[in-house]
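Report on one structure; see the data block that follows.
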Amino acid sequence: MRHGRYPFIVGFLAVPVAIYVTFVIGPYAQAFYLATTNWRGVSANPKFIGLENFERLLSDDIFWKAVRHHGVLLLAMPLLTIVLALFFAFMLNVGGGSRGGVMTGVWGSRFYRVVFFFPQVLAVVIVGVIFSRVYAPDDSGLLNGALGLFGLDPVLFMANPDIALWSIIGVLVWQAVGFYVVLFSAGMASVPKDIYEAATIDGAGRSAMFFRITLPLLWDTLQVAWVYLGIAAFDAFAIVQVLSVDQGGPDGATTVLGMEIYRNAFSYSQFGYASAMGVALFFLTITFAALTLRVSRRDTIEL
Amino acid sequence: MTTEIAPSAPAAPAGPGTPDPRRGRLGRRGQRAEVGLLSGLGHIALLVWAILVVAPLIWTILASFKSNTEIFLGNPFALPEVFNFSSYARAWSEANVGRYFLNSVLVVTLSTTGTMLFGSMAAYVLARYPFPGNRVIYYLFVSGLAFPVFLALVPLFLVVNNLGLLNTYTGLILVYIAYSLPFTVFFLAAFFKTLPQSVAEAAMIDGASHTRLFFRIMMPMARPGLVSIAIFNIIGQWNQYLLPVALMQGQGADQKWVLTQGIASISTSAGYEADWAALFAALTLSILPMIIVYAIFQRQIQSGLTSGAVK
């Protein structure tokens, strides 16, 4: 049994670890170092400048705009997505009422689940480009074309700085809801049938069932959903790059940190400064994850 | 580790032992009214959302057959006057959608194969062979889940550049594999742990080597887990945008672009050339395969993508 054990272990681990350390661990470690340099290009020599990049960050308007946008995304996107997905999942699993003591979904549940989930399979970029046409500012756009049929003036979804970010949130929610419907459905399906049965016998209506049974038993899944959506709210790079005016515009109204990191690195060749933004983003993400896990900790209901 | 999403079971026929389904007569009328209202509103909401999901996609497909005049002046919901396929010819050859598509197929095929091979090898050893440093390596892999890719973006670009792998498929594929490993190892290690020890022992007594045991016995036994994570990786890598955009740039790189990059670029140039029909055709060409694959494998895809979240 022990024969050839260590050669086997080394043989199996060598390649994956080498690839992983070269392309993932190495760059992550270097990022923290690069953030303290003024490196401006592939050829120039990096010079250590301490925390200067971070001082510059603190007085950078665009950086704070991006952080504020992450704040808005972080509140609005998970909330809208989870509320919609919970409602739909409840309708699809329990909404049909009790039949023979078994809670069933409304008519057509399977169809809805399949349709709702589909956008999740599409690349964010493809979705972004589709919506760049759906949101087109003239009658060639789906939404403005529809408004035009009612004689309404076109809405500048992406060009109006007041609604541009919300238009982007709309797309993100559009794409995400189906995933969480399926996720919550899986959670709801694992709630034992006899709990609903007992509640029906006690005369509980469906809103009571939702708030007293489904929601508490789904708490763990909700927490996972919140973390996932929160992490997604710190990304949003692809959608902003393809959908917004001037990649984060108008006038920075939709920019996010990923966009600014990309721009500073590959348009301005400010490698050091871009890395400092990366470090800031990392600490924001970690703080969010830690806070969420801490605040939402609650006794799990064992079934 | 239940990843299967059970459809709501059809109501079992009421057998002799089954209690009367109409029990709970107390307050039945009030409940009925509430049920009716909620059902009605719920149905409408579900229908509205289904339309919201489907409408942009159908509209995109319809617009790909229209002329520019129809796109701009016609009713957005109207069918095209004639089904015009010329936009597809332009999208496929002039806008290079065909090339981008094949590039994506090539890259994702190789990178997913590599991810599955290396990911399962590492996960297997880490899950079933205790040795000094095992936990360190495991947490090294899992820690990758906590870091945003943007943090690594600049140094990654430099590393790939220093290795001379910028603008090469080799570089892109290796990077895809590397960034897919944390989740793959995390997921599969948990899976390999659940496989019975007795089978492994029996195989070893029969004289199987460790390598043979892995490929011949453990891999087949882990098939459900491997399928889930393979689907997860295929879709994730197919839809990847940030990594190719950062690593496939500069002169001559546009011949090697993957589909997501290509579509983003076509979207930009469609604005200058005002050839919206070709853009819609390009979009349709990239949506349709996903619709077909999804229609066939929707159950596996749903469970594969959600498997990460369901513990």
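Just so it is clear, none of the values below were taken in a lab; they were calculated from the coordinates. Computed from a predicted model, the values in this text were never measured in an experiment. So basically every Cβ, Gly included, is an ideal-geometry build from the backbone, and we count neighbours across all protein chains shown.
Among all helices in chain A defined by DSSP H, which have a length of 24 Å or more along the axis from Cα atoms plus a Kyte-Doolittle mean of at least 0.0? Provide the component values of the computation, followed by the final result.
Working: long enough: A:61-93 (47 Å, 1.48); A:164-189 (38 Å, 1.80); A:271-295 (36 Å, 1.63).
Qualifying helices: A:61-93, A:164-189, A:271-295.
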Of the residues B:303, B:231, B:72, the Cα lying farthest along the dipole of chain B towards its positive end, which is defined by charges on the beta carbon of Lys, Arg, Asp and Glu, belongs to B:303
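When a/c reaches 1.5 or more, the comparison of a/b and b/c decides; with that in mind, is region B:41-90 rounded, prolate or oblate per its Cα gyration tensor? Could the numbers behind the result be given before it?
On the way: a/c = 3.95, a/b = 2.48, b/c = 1.59.
Prolate, because a/c is 1.5 or more and a/b exceeds b/c.
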1/(1 + (r/R0)^6) with r = Cβ-Cβ of residue A:111 and residue B:291, R0 = 22 Å, i.e. FRET efficiency to nearest 0.05, evaluates to 0.90
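If I take every Cα pair under 8 Å that is 6 or more residues apart in chain B, average their sequence separation and divide by the length, what percent do I get for the relative contact order?
Details: 260 pairs, mean separation 95.6, N = 311.
In percent, rounded to a whole number, it is 31.
Taking a ≥ b ≥ c as the square roots of the eigenvalues of the Cα gyration tensor of region B:232-311, is the shape rounded (a/c under 1.5), prolate (a/b larger than b/c) or oblate? Intermediate values should be presented prior to the final figure.
Numbers: a/c = 3.15, a/b = 1.59, b/c = 1.99.
Because a/c hits 1.5 or more and a/b fails to exceed b/c, region B:232-311 counts as oblate.
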Expressed to one decimal in nm², the mean projection of the alpha carbon convex hull of region B:127-174 is 4.8 nm²
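Can you give the charge dipole size of region B:95-306 about its Cα centre, rounded to the nearest 20 debye, using +1 on the beta carbon of Lys and Arg and -1 on the beta carbon of Asp and Glu? Don't skip to the end; give the middle numbers.
Working: 9 positive and 5 negative charges, 116 e Å.
Value, rounded to 20: 560 debye.
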Relative contact order as a percentage, chain A, C-alpha pairs under 8 Å and 6+ apart, gives 26 percent
Placing +1 on each Lys and Arg Cβ and -1 on each Asp and Glu Cβ in region A:51-295, then taking the dipole about the Cα centre, the residue among A:225, A:158, A:71 whose Cα reaches farthest towards the positive end is A:225
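What is the mean number of Cβ atoms from other protein chains located within 10 Å of the Cβ atom of each residue in peptide A:242-248, rounded to a whole number?
Working: counts 7, 1, 0, 0, 0, 0, 0.
Counting other chains' Cβ atoms within 10 Å and averaging over A:242-248 gives 1.
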Between residue B:85 and residue A:268, Cβ-based FRET efficiency (R0 56 Å, step 0.05) works out to 0.80
If every Lys and Arg gets +1 and every Asp and Glu gets -1 at its Cβ, then about the Cα centre chain A yields a dipole, in debye to the nearest 20, of 960 debye
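Ratio of region B:95-306's C-alpha Rg to 2.2 N^0.38 Å, to two decimals? Before the final figure, lay out the partial values.
Values: Rg = 20.0 Å, N = 212, 2.2 N^0.38 = 16.8 Å.
Region B:95-306 yields a ratio of 1.19.
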Normalised per residue, the volume inside the convex hull of the alpha-carbon atoms of region A:224-303 in Å³ amounts to 107 Å³
For chain B, whose charge dipole is built from +1 on Lys and Arg Cβ atoms and -1 on Asp and Glu Cβ atoms, the candidate among B:178, B:259, B:63 with its Cα farthest towards the positive end is B:178
Straight-line reach check, residue A:47, cutoff 19 Å on alpha carbons, 8 or more apart in-chain or any other chain, hits among aspartates and glutamates -> A:55
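Over 33 Å apart: what share of the alpha carbon pairs of the protein assembly as shown falls there, rounded to a whole percent? Please report the intermediate quantities before stating the final value.
Working: 96124 of 188191 pairs.
Across the protein assembly as shown, Cα pairs with separations above 33 Å total 51 percent.
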Inter-chain shielding metric for B:208-218, i.e. average beta-carbon neighbours from other chains within 10 angstrom, reads 2
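Once the convex hull of the alpha carbons of chain A is built, what does its volume come to per residue, in cubic angstrom?
On the way: hull volume 66.6 nm³, N = 303.
So the per-residue hull volume is 220 Å³.
Can you give the average number of partner chain beta-carbon atoms within 10 Å of each beta-carbon in peptide B:173-183, as a whole number? Walk me through the numbers on the way to the answer.
Numbers: counts 0, 3, 5, 1, 5, 11, 4, 0, 6, 2, 0.
Mean inter-chain Cβ contacts per residue within 10 Å come to 3.
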Karplus ³J(HN,Hα) for region B:274-284 (6.51 cos²θ - 1.76 cosθ + 1.60, θ = phi - 60°; Hz, whole; x = Gly/Pro) runs 6, 10, 5, 4, 5, 5, 5, 5, 4, 4, 4
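Assigning unit charges at the beta carbon (Lys, Arg +1; Asp, Glu -1) and nothing else, what dipole magnitude in debye, to the nearest 20, does the protein assembly as shown show about its Cα centre?
1980 debye
Give the calculated FRET efficiency between residue A:59 and residue B:143 to the nearest 0.05, with a Förster radius of 30 Å applied to their Cβ-Cβ distance. All intermediate terms of the calculation are to be shown ahead of the outcome.
Values: r = 32 Å, r/R0 = 1.08.
Working from the Cβ atoms, E equals 0.40.
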As straight-line cross-link partners of residue B:193, the qualifying aspartates and glutamates (C-alpha separation under 15 Å, not fewer than 8 residues apart within one chain) are B:201
